[in-house]
Ligand code: HPA
(Lines give C-alpha, C1' and ligand atoms only; values in the text may rest on other atoms or scores of the structure.)
Protein backbone atom coordinates (compact mmCIF):
# COMPACT_ATOMS: atom_id res chain seq x y z
CA UNK A 1 0.00 0.00 0.00
CA UNK A 2 1.24 3.49 -0.88
CA UNK A 3 2.10 5.75 2.05
CA UNK A 4 -0.36 8.54 2.92
CA UNK A 5 2.08 11.25 1.83
CA UNK A 6 1.19 10.52 -1.82
CA UNK A 7 -2.47 11.31 -1.16
CA UNK A 8 -1.68 14.32 1.08
CA UNK A 9 0.61 15.85 -1.54
CA UNK A 10 -1.96 15.37 -4.34
CA UNK A 11 -4.65 17.03 -2.22
CA UNK A 12 -2.39 19.96 -1.28
CA UNK A 13 -1.23 20.37 -4.91
CA UNK A 14 -4.83 20.53 -6.10
CA UNK A 15 -5.50 23.35 -3.60
CA UNK A 16 -2.30 25.28 -4.43
CA UNK A 17 -2.63 25.13 -8.23
CA UNK A 18 0.64 26.19 -9.86
CA UNK A 19 2.08 27.61 -6.61
CA UNK A 20 5.06 25.36 -5.75
CA UNK A 21 6.53 26.12 -2.29
CA UNK A 22 10.31 25.76 -1.82
CA UNK A 23 10.62 26.28 1.92
CA UNK A 24 8.50 24.76 4.72
CA UNK A 25 8.20 26.29 8.17
CA UNK A 26 6.75 24.44 11.17
CA UNK A 27 5.58 26.73 13.96
CA UNK A 28 5.47 25.29 17.48
CA UNK A 29 3.56 26.16 20.66
CA UNK A 30 2.63 29.85 20.84
CA UNK A 31 4.67 30.66 17.70
CA UNK A 32 1.87 30.65 15.13
CA UNK A 33 1.81 34.44 14.69
CA UNK A 34 5.01 34.23 12.65
CA UNK A 35 2.82 33.12 9.71
CA UNK A 36 0.82 36.34 9.77
CA UNK A 37 3.35 38.14 7.53
CA UNK A 38 2.78 35.74 4.63
CA UNK A 39 1.50 37.55 1.54
CA UNK A 40 -1.17 36.25 -0.84
CA UNK A 41 -1.95 33.46 1.61
CA UNK A 42 -3.77 30.26 0.72
CA UNK A 43 -5.05 28.67 3.91
CA UNK A 44 -5.61 24.90 4.07
CA UNK A 45 -7.02 23.53 7.28
CA UNK A 46 -5.64 20.11 8.31
CA UNK A 47 -9.31 19.10 8.65
CA UNK A 48 -9.77 19.63 4.89
CA UNK A 49 -7.13 17.04 3.96
CA UNK A 50 -8.45 13.46 4.05
CA UNK A 51 -6.93 11.37 6.86
CA UNK A 52 -4.56 14.18 7.88
CA UNK A 53 -3.67 14.15 11.61
CA UNK A 54 -5.41 16.87 13.60
CA UNK A 55 -3.76 19.22 16.06
CA UNK A 56 -5.58 19.09 19.42
CA UNK A 57 -3.39 21.32 21.62
CA UNK A 58 -4.11 24.95 22.54
CA UNK A 59 -1.63 27.29 20.86
CA UNK A 60 -1.70 25.18 17.65
CA UNK A 61 -4.16 26.42 15.00
CA UNK A 62 -3.99 23.35 12.76
CA UNK A 63 -3.63 24.76 9.27
CA UNK A 64 -1.21 25.27 6.41
CA UNK A 65 -0.58 28.77 5.11
CA UNK A 66 1.07 28.92 1.70
CA UNK A 67 2.27 32.19 0.20
CA UNK A 68 5.14 34.61 -0.20
CA UNK A 69 7.50 35.54 2.63
CA UNK A 70 10.42 37.85 1.82
CA UNK A 71 9.95 37.05 -1.85
CA UNK A 72 10.20 33.29 -1.27
CA UNK A 73 7.51 30.66 -1.76
CA UNK A 74 6.76 29.13 1.62
CA UNK A 75 4.41 26.56 3.10
CA UNK A 76 3.92 27.16 6.76
CA UNK A 77 2.37 24.80 9.32
CA UNK A 78 0.57 26.92 11.90
CA UNK A 79 0.53 24.28 14.60
CA UNK A 80 2.03 20.79 14.55
CA UNK A 81 0.95 17.38 15.79
CA UNK A 82 2.74 15.55 18.60
CA UNK A 83 3.31 12.00 19.81
CA UNK A 84 1.63 12.81 23.12
CA UNK A 85 -1.65 13.52 21.32
CA UNK A 86 -1.67 9.85 20.34
CA UNK A 87 -0.32 10.41 16.82
CA UNK A 88 2.18 7.79 15.70
CA UNK A 89 5.69 8.88 14.72
CA UNK A 90 4.93 7.35 11.30
CA UNK A 91 2.00 9.73 10.70
CA UNK A 92 4.19 12.69 11.68
CA UNK A 93 6.77 11.49 9.16
CA UNK A 94 4.08 11.46 6.42
CA UNK A 95 3.87 15.24 6.72
CA UNK A 96 7.57 15.66 6.00
CA UNK A 97 7.43 13.09 3.18
CA UNK A 98 4.57 15.20 1.77
CA UNK A 99 6.94 18.20 1.76
CA UNK A 100 9.42 16.12 -0.21
CA UNK A 101 6.76 15.19 -2.79
CA UNK A 102 5.79 18.88 -3.05
CA UNK A 103 9.39 19.68 -4.01
CA UNK A 104 10.36 21.42 -0.76
CA UNK A 105 14.13 21.63 -0.29
CA UNK A 106 14.48 23.39 3.08
CA UNK A 107 12.63 23.15 6.37
CA UNK A 108 12.66 25.56 9.30
CA UNK A 109 11.38 23.93 12.51
CA UNK A 110 10.55 25.78 15.71
CA UNK A 111 9.49 24.65 19.15
CA UNK A 112 9.10 25.73 22.74
CA UNK A 113 11.55 24.07 25.14
CA UNK A 114 12.85 24.08 28.70
CA UNK A 115 16.50 24.98 29.30
CA UNK A 116 18.92 22.75 31.19
CA UNK A 117 21.82 25.10 30.61
CA UNK A 118 22.39 27.93 33.12
CA UNK A 119 23.76 30.07 30.26
CA UNK A 120 20.47 29.79 28.33
CA UNK A 121 17.82 31.72 30.28
CA UNK A 122 14.04 31.72 29.84
CA UNK A 123 13.17 34.01 26.93
CA UNK A 124 16.29 33.03 24.92
CA UNK A 125 16.34 31.82 21.34
CA UNK A 126 18.41 28.69 20.78
CA UNK A 127 19.68 27.42 17.46
CA UNK A 128 19.46 23.62 17.55
CA UNK A 129 22.87 22.17 16.69
CA UNK A 130 21.92 18.50 17.15
CA UNK A 131 19.40 16.33 18.96
CA UNK A 132 19.03 13.34 21.26
CA UNK A 133 16.05 11.13 20.44
CA UNK A 134 14.77 10.20 23.91
CA UNK A 135 11.20 9.59 22.71
CA UNK A 136 11.76 5.80 22.57
CA UNK A 137 10.27 5.85 19.13
CA UNK A 138 11.28 6.33 15.52
CA UNK A 139 9.25 7.70 12.60
CA UNK A 140 11.04 5.52 10.04
CA UNK A 141 10.18 2.12 11.55
CA UNK A 142 8.25 0.08 8.98
CA UNK A 143 8.58 -0.86 5.31
CA UNK A 144 10.84 1.54 3.41
CA UNK A 145 9.75 3.32 0.22
CA UNK A 146 13.05 3.78 -1.62
CA UNK A 147 11.52 6.65 -3.65
CA UNK A 148 11.43 8.74 -0.49
CA UNK A 149 14.74 7.93 1.17
CA UNK A 150 17.24 5.22 2.17
CA UNK A 151 16.69 2.43 4.69
CA UNK A 152 19.59 3.60 6.88
CA UNK A 153 19.74 7.40 6.70
CA UNK A 154 22.71 9.47 7.85
CA UNK A 155 22.04 12.04 10.60
CA UNK A 156 25.55 13.53 10.80
CA UNK A 157 24.32 16.84 9.35
CA UNK A 158 20.66 16.66 10.44
CA UNK A 159 20.73 20.38 11.35
CA UNK A 160 22.46 21.65 8.24
CA UNK A 161 25.80 23.25 8.99
CA UNK A 162 25.63 25.88 6.24
CA UNK A 163 22.12 26.93 7.28
CA UNK A 164 23.28 27.16 10.90
CA UNK A 165 26.17 29.40 9.86
CA UNK A 166 23.71 31.59 7.95
CA UNK A 167 21.48 31.79 11.04
CA UNK A 168 24.39 32.80 13.29
CA UNK A 169 25.61 35.51 10.90
CA UNK A 170 22.12 36.84 10.29
CA UNK A 171 21.31 37.00 14.01
CA UNK A 172 24.59 38.80 14.72
CA UNK A 173 23.97 41.40 12.01
CA UNK A 174 20.42 42.00 13.26
CA UNK A 175 21.55 42.29 16.89
CA UNK A 176 19.43 39.29 17.93
CA UNK A 177 21.01 37.16 20.62
CA UNK A 178 21.09 33.52 19.49
CA UNK A 179 22.28 30.73 21.78
CA UNK A 180 23.21 27.30 20.44
CA UNK A 181 22.62 23.87 21.88
CA UNK A 182 21.48 20.27 21.80
CA UNK A 183 17.73 19.52 21.96
CA UNK A 184 16.47 16.37 23.65
CA UNK A 185 13.02 15.06 22.85
CA UNK A 186 10.79 13.31 25.38
CA UNK A 187 7.38 11.99 24.38
CA UNK A 188 5.53 14.02 27.05
CA UNK A 189 2.82 14.93 27.90
CA UNK A 190 4.12 15.29 31.45
CA UNK A 191 6.90 17.76 32.12
CA UNK A 192 10.07 16.06 33.40
CA UNK A 193 10.91 15.13 36.96
CA UNK A 194 13.86 16.95 38.52
CA UNK A 195 15.84 13.67 38.42
CA UNK A 196 15.19 13.34 34.68
CA UNK A 197 16.36 16.89 34.12
CA UNK A 198 19.60 16.13 36.01
CA UNK A 199 20.07 12.94 33.97
CA UNK A 200 19.47 14.72 30.64
CA UNK A 201 22.03 17.34 31.66
CA UNK A 202 24.63 14.58 32.11
CA UNK A 203 23.76 13.32 28.60
CA UNK A 204 24.71 16.69 27.10
CA UNK A 205 21.28 18.27 26.73
CA UNK A 206 20.82 22.04 26.56
CA UNK A 207 17.05 22.09 26.04
CA UNK A 208 14.23 19.58 26.43
CA UNK A 209 10.91 19.45 24.59
CA UNK A 210 8.18 17.21 23.24
CA UNK A 211 8.44 17.59 19.45
CA UNK A 212 10.64 18.24 16.41
CA UNK A 213 12.80 15.09 16.42
CA UNK A 214 10.40 12.93 14.33
CA UNK A 215 10.19 15.73 11.75
CA UNK A 216 13.95 16.25 11.62
CA UNK A 217 14.76 12.52 11.33
CA UNK A 218 12.33 12.27 8.42
CA UNK A 219 13.67 15.42 6.76
CA UNK A 220 17.23 14.06 6.92
CA UNK A 221 15.93 10.80 5.43
CA UNK A 222 14.19 12.68 2.58
CA UNK A 223 17.20 14.92 1.86
CA UNK A 224 15.49 18.10 3.08
CA UNK A 225 17.90 20.55 4.74
CA UNK A 226 16.83 21.60 8.25
CA UNK A 227 17.25 24.69 10.38
CA UNK A 228 15.85 24.36 13.91
CA UNK A 229 15.10 26.90 16.66
CA UNK A 230 13.92 26.48 20.24
CA UNK A 231 12.25 29.29 22.11
CA UNK A 232 13.23 28.78 25.73
CA UNK A 233 10.06 29.23 27.76
CA UNK A 234 11.29 28.02 31.16
CA UNK A 235 14.11 26.33 33.01
CA UNK A 236 13.87 22.56 33.43
CA UNK A 237 12.13 21.09 36.46
CA UNK A 238 14.23 21.59 39.59
CA UNK A 239 16.20 24.45 38.02
CA UNK A 240 13.48 27.05 38.62
CA UNK A 241 11.38 27.71 41.71
CA UNK A 242 7.93 27.57 40.15
CA UNK A 243 6.30 24.42 38.78
CA UNK A 244 5.86 23.85 35.03
CA UNK A 245 2.72 24.71 33.06
CA UNK A 246 1.55 24.87 29.45
CA UNK A 247 0.14 28.34 30.18
CA UNK A 248 3.62 29.59 31.02
CA UNK A 249 5.01 27.91 27.88
CA UNK A 250 2.48 29.70 25.65
CA UNK A 251 2.87 33.10 27.31
CA UNK A 252 6.67 33.04 27.11
CA UNK A 253 6.69 31.67 23.55
CA UNK A 254 4.40 34.45 22.38
CA UNK A 255 6.73 37.04 23.98
CA UNK A 256 9.89 35.61 22.44
CA UNK A 257 8.28 34.89 19.08
CA UNK A 258 8.72 38.48 17.86
CA UNK A 259 12.49 38.08 17.79
CA UNK A 260 12.22 34.63 16.23
CA UNK A 261 9.79 35.91 13.61
CA UNK A 262 12.17 38.71 12.68
CA UNK A 263 15.10 36.30 12.49
CA UNK A 264 13.20 33.78 10.36
CA UNK A 265 12.15 36.57 7.98
CA UNK A 266 15.75 37.73 7.57
CA UNK A 267 17.02 34.19 7.05
CA UNK A 268 14.34 33.33 4.47
CA UNK A 269 15.30 36.47 2.56
CA UNK A 270 18.84 35.06 2.26
CA UNK A 271 17.94 31.48 1.41
N1 HPA B 1 9.97 20.26 29.10
C2 HPA B 1 9.41 19.69 28.01
N3 HPA B 1 8.80 20.38 27.07
C4 HPA B 1 8.74 21.71 27.20
C5 HPA B 1 9.30 22.37 28.31
C6 HPA B 1 9.94 21.60 29.32
O7 HPA B 1 10.45 22.11 30.34
N8 HPA B 1 9.06 23.70 28.13
C9 HPA B 1 8.40 23.83 26.96
N10 HPA B 1 8.19 22.64 26.39
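The values are calculated or read from the model by the stated rules, or taken from the named source; none is laboratory data. Quick caveat, the model's predicted, so the values are computed rather than measured. Positions of Cβ are backbone-derived with ideal geometry, glycine not excepted, and every protein chain shown enters the neighbour counts.
A few notes on this one:
- Residue in region 175-191 that is nearest to residue 262 (Cα to Cα), counting only those that are in a loop (DSSP other than H, G, I, E, B), more than 13 Å from the ligand (Cβ to nearest atom) and in contact with a helix residue (DSSP H, G or I) (Cβ under 8 Å, 6 or more places away or on another chain): 176
- Flag for residue 164 being over 19 Å from residue 240 (Cα atoms), loosely packed, with under 15 Cβ neighbours inside 10 Å, away from the ligand (no atom under 16 Å from the Cβ) and at pLDDT 95 or above: no
- Residue in region 128-136 that is surrounded by 15 or more Cβ atoms within 10 Å (Cβ to Cβ) and assigned to a helix (DSSP H, G or I) present: no
- Selected residue (only one of 192, 248 is over 19 Å from residue 161 (Cα atoms) and surrounded by fewer than 20 Cβ atoms within 10 Å (Cβ to Cβ)): 248
- The criterion of at least 2 residues that are without any contact (Cβ under 8 Å) to a residue 40 or more places away in the chain and either more than 12 Å from the ligand (Cβ to nearest atom) or touching a strand residue (DSSP E or B) at 6+ places or on another chain (Cβ under 8 Å) (or both) is met by the following helices (runs of 4 or more DSSP H) wholly inside region 192-271: 194-202, 246-270.
- Among the residues making up region 16-34, those that are surrounded by 14 or more Cβ atoms within 10 Å (Cβ to Cβ) and over 21 Å from residue 92 (Cβ atoms) are 16, 19, 22, 33.
- Number of the exception - residue 101 against (1) under 13 Å from the mean Cα position of the chain (by Cα); (2) away from the ligand (no atom under 16 Å from the Cβ): (1)
- Checked against the criterion of being in a loop (DSSP other than H, G, I, E, B) and touching a residue at least 12 places away in the same chain (Cβ under 8 Å), the candidates 113, 143, 121 yield just one match: 121.
- Residues that are closer than 19 Å to residue 267 by Cβ and either at pLDDT below 95 or within 13 Å of the ligand (Cβ to nearest atom) (or both) within region 126-144 comprise just one, 126.
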